[in-house]
Amino acid sequence: MTARPNYFELFGLAPNDGIDLLDLEARYRERSRICHPDRHARADEATRVKNALATSELNQAYRVLRDPIRRAEYLLQLGGVALPEKAPPALLMEMMEQREALSEARAEQDEQRICVLGAEIRGRRASAVAAIAPALDRGELSAVAEKLVELRYYGRFLEEIEAYEEAMEST
């Protein structure tokens, strides 16, 4: 059994965070045309299966590489670095405090406070995202892993705010 090429190799790219998304899309379209199952509809079953699997893998690789967060996670995986299971205690405490403040603001239907909390976390999320590429460039994979963990917590918090906003719009 042959080893599967990594996602960067599928597109002929160097494994790093500096991807030109327009170039990635062009490479994706080119490779998709080559292995798309419709091009091989009259081929034998083994060829059809092989091309269907190649298309599936290509689609997955494209989804990962075009998303900066998923791409960073994949680069960590290639580097043999696992994301920590637990967040640092300081982040956990901070997020508990933020969630408490959000809960109070929701109970009071204080939309201005909810908006401020959301803006604060969006700013922190943007800072964490901005810190990923330079850390990857410096080879600081553990720092990237920490930022990705932060992003998970920020994402969950913002999902709560969005759910509240949707609920308020539907009432």
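Derivation of every value follows stated rules applied to the coordinates shown; laboratory data play no part. Please read these numbers as outputs of a predicted model, since none were measured by experiment. Every residue, glycine among them, receives a Cβ derived from its backbone with ideal geometry; neighbour counts consider all protein chains shown.
Among residues of segment 105-124 that are in contact (Cβ under 8 Å) with a residue 60 or more places away in the chain and surrounded by 15 or more Cβ atoms within 10 Å (Cβ to Cβ), none has a Cβ under 9 angstrom from a residue that is in a helix (DSSP H, G or I) and of a type in the set (V, I, T) at a sequence gap of 6+ or on a separate chain. From the residues in segment 68-96 that are surrounded by 13 or more Cβ atoms within 10 Å (Cβ to Cβ) and of a type outside the set (A, V, I, L, M), which one is farthest from E150 (Cα to Cα)? The extreme case among them is G79. For segment 65-83, how many residues are in a helix (DSSP H, G or I) and of a type in the set (G, A, S)? Total satisfying the criteria: 1. Might you let me know whether segment 47-62 holds any residue that is assigned to a loop (DSSP other than H, G, I, E, B) and in contact (Cβ under 8 Å) with a residue 12 or more places away in the chain? Within segment 47-62, not a single residue is assigned to a loop (DSSP other than H, G, I, E, B) and in contact (Cβ under 8 Å) with a residue 12 or more places away in the chain. Looking only at segment 85-116, count every residue that is over 12 Å from Y153 (Cβ atoms) and of a type in the set (K, R) and tell me the total. Within segment 85-116, residues that are over 12 Å from Y153 (Cβ atoms) and of a type in the set (K, R) number 2.
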